[in-house]
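A short write-up of the structure that comes next.
Here, each number is a calculation from the coordinates, and none is a lab measurement. These numbers were taken from a predicted model, which means no experiment stands behind them. Please note: Cβ atoms are built from the backbone with ideal geometry, for glycine as well, and neighbour counts cover all protein chains shown.
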Amino acid sequence: MPSSEEAVEKRRQEIIAVSAILHHEVSLMLKSARDYSSRFAYDEDDAVSMPRITDAVKYALRDLDRLDDEQAKGSSLTKFLGYIGFWFAKLKPIMRVDVLRDGTVEDSEILNINEQFVFPLLRRLMIRMTREGDTDIPKTWLNCTNVKCTKDGTFKKGSCFQEKFLHYLRANDERHHKYLYYTLRYRDAAPYMLVALLDQAIYFSCEALVPALYG
């Protein structure tokens, strides 16, 4: 059994590693958005606050530790990502992003940029974590008999999740996505809203026909 000092150091290294991944993924998302539209503007040096990302990871892991102690069910991939996403939205590490109007940034700040980024970020993290090793792959994917979702090569495990989750966020002029990030910003939201969404998306990701595109 590790000593308390060893446990503290292990947690510190975990926070550093997860924070670095989050910072990297968010930076890539910002760059991709700017490459897509030249009106999307931000300061590369100050756009993402590493201290706020670190705090988000720290609080997420703290909450997950408490859940483990209280429920004795252990953590899961969706719980981990759901709590990370919740604290990301709460602490808002993306400092400022603007949409240029007539070449200026006057009155053009995207105030809900952090909430808008949460769900695409969770999708990216799900891709990363499930494709770096088999230990994090949900059982639903491992037991899936839908060849399109499991075939090695052209289709990787979880490909149906990635496609359907993206369709869900984009469907009906992004109506579902807008409601989700509106809820995160303006209503009382809890981490389990995000966990439940990911659990449902994973559950339906192996379905061949229903619901093909989440309605």
Revision key, fill the gap. Violations at 22 Å Cα threshold for listed pairs 92/164; 58/79; 90/139; 79/164; 31/164 -> 92/164; 90/139; 31/164
Review point. How many nm is it between the label spots at residue 69 and residue 3, if each spot is 7 Å from the Cα in line with the beta carbon?
Key: 2.2
**Study point:** Difference of contour (0.36 nm per residue) and Cα-Cα distance, residue 20 to residue 37
**Key:** 3.5 nm
**Study point:** Sorted by Cβ neighbour density within 10 Å, fewest at the top, the residues 164, 139
**Key:** 139, 164
Practice item. For every other residue with a beta carbon closer than 12 angstrom to the beta carbon of residue 56, add +1 if it is Lys or Arg and -1 if Asp or Glu, then tell me the sum. Key: +3
Review point. Amide H to amide H under 5 Å from residue 40: which residues, 5+ apart in sequence or cross-chain, H placed 1.01 Å off N in plane?
Key: 100
Revision key, fill the gap. With 0.36 nm assigned to each residue of separation and the Cα-Cα distance removed, residue 45 to residue 11 gains 9.5 nm
Point to revise | Charge sum, other residues only, whose C-beta stays under 11 Å from residue 41's C-beta, Lys/Arg counted +1 and Asp/Glu -1 | key: 0
Review point. What is the spin-label model distance, in nm, from residue 203 to residue 76 if the labels are put 7 Å beyond Cα along the C-beta direction?
Key: 0.9
Review point. Based on the Cβ-Cβ distance of residue 59 and residue 142, what FRET efficiency does E = 1/(1 + (r/R0)^6) give at R0 = 30 Å, to the nearest 0.05?
Key: 0.45
Point to revise | Approximate spin-label separation residue 112-residue 95, in nm, with each point projected 7 Å along Cα-to-Cβ | key: 2.5
**Study point:** Ordering of 10-22, 191-203 by packing [mean C-beta count within 10 Å, highest first]
**Key:** 191-203, 10-22
Exercise for review: Would you grab the residues whose amide H sits under 5 Å from the one on residue 48? Only those 5+ places off in sequence or on another chain, please, with H modelled 1.01 Å from N.
Suggested key: 95
Point to revise | the stretch 4-204: radius of gyration over Cα atoms, expressed as a fraction of 2.2 N^0.38 Å | key: 1.08
